[in-house]
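Note sheet for the following structure.
Read-outs: derived from the displayed coordinates by stated rules, not from any lab. Remember, predicted model here, so these are calculated numbers, not experimental data.
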Amino acid sequence: MTAESNQTIFAAAEEERNWQSMSRQTPGRKILKFNLTAFNIILLAVLLLSAVSYLAISNQQISSGFAINGAKGNLADLNKKNRELEFAAIGLESYEKVNRRAAKLGMVAATDVEYLEVKGGEIAMR
């Protein structure tokens, strides 16, 4: 092969590449150049933002969980105190306690209780 034939082969190959690149481009359309470094920086920023957001949301959920557990413990204590107070109220309302308090206040016990009976009369009702 001679130098002229090699040059002809290279020229034909170059012309073929030019033809292929021209056929891919359409008139009025810009070719978007892809900047890999800028893409990597943007991707890294998005990943960091996602990680920070995940940590913030997790922290908030954990804090809410501790608050709920504290409220449940407080509720249990209040329910226990409520039962104790109900038992104390029942004890204060017992018949013996009421009689003792009435005696301390100078009240006398009722004896010979009589009840009124209504016999066949009409009663006005509202």
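Rounded if a/c is under 1.5, else prolate if a/b is larger than b/c, else oblate: which is the stretch 48-126, with a ≥ b ≥ c the root eigenvalues of its Cα gyration tensor?
In terms of gyration-tensor shape, oblate.
Per 0.36 nm of contour for each residue apart, how much would the distance between ASN40 and ALA71 grow if the chain were fully extended, relative to their Cα-Cα spacing? Display every interim value, and only then the final one.
Details: separation 31, 0.36 × 31 = 11.16 nm, distance 4.66 nm.
Working it through step by step, the gained length comes to 6.5 nm.
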